[in-house]
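A short write-up of the structure that comes next.
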Amino acid sequence: MAHRIMVVDDASFMRELIKDALQGGGFEIIGEAEDGAGAVLKYQALKPDLVTMDIVMNKNMGIDAIKEIISKDPDAKVLVISALGNQGIIIDAIKAGAMGFIIKPFKNEILLEEVKRVLGE
């Protein structure tokens, strides 16, 4: 059975790139959200195996969404995919509960390797 993934990014074209890469790697996309608030609600409803999370989004930032998801499900697996790659942002994301960090633009192979690592494959 394919791992179930939810994709969170405020840019629809980026969600499509991420979904295409993950589906090409055999993963199932079960949902998507365009902001952190939507991500928290959909996470609770869908219970994905992994969430890809952008950091800078409209309405609710990714760091806040990560904290909220982890507070509700300490076993949640979150992989950050962000254009912001400075050390402070990466540290904030990891402290919030993210299990990995990829900087945009990314190579599909790197994304798939990191998703597998976070999932324990």
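Bear in mind these aren't lab numbers, they're just calculated from the coordinates by the rules spelled out. In this text the structure is predicted, and so the values were computed from the model without any measurement. Here the Cβ is made from the backbone with ideal geometry for all residues, glycine too, and neighbour counts use every protein chain on show.
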What whole number of Å gives the distance from the Cα centroid of segment 1-53 to the Cα centroid of segment 71-121?
13
Treat each spin label as a single point 7 Å out from the Cα along the C-beta direction, and report the Ser12 to Gln44 distance in nm.
2.7
Give me the number: length gained by fully extending Met1 to Asn86, i.e. 0.36 nm times residue separation minus the C-alpha to C-alpha distance, one decimal in nm.
27.0 nm
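Take Arg15, Arg117, Arg4 and order them by how many other Cβ atoms sit within 10 Å, fewest up front. Write out the running numbers ahead of the final one.
Values: Arg15 19, Arg117 12, Arg4 15.
In order of increasing Cβ crowding within 10 Å: Arg117, Arg4, Arg15.
Could you work out the local net charge near Ala83, counting Lys and Arg as +1, Asp and Glu as -1, over the other residues with Cβ closer than 12 Å to its Cβ?
Neighbour charge sum, excluding Ala83 itself: -2.
Taking N as the number of residues in the chain, what value does Rg over Cα atoms divided by 2.2 N^0.38 Å take?
On the way: Rg = 12.5 Å, N = 121, 2.2 N^0.38 = 13.6 Å.
Dividing the Cα radius of gyration by 2.2 N^0.38 Å gives 0.92.
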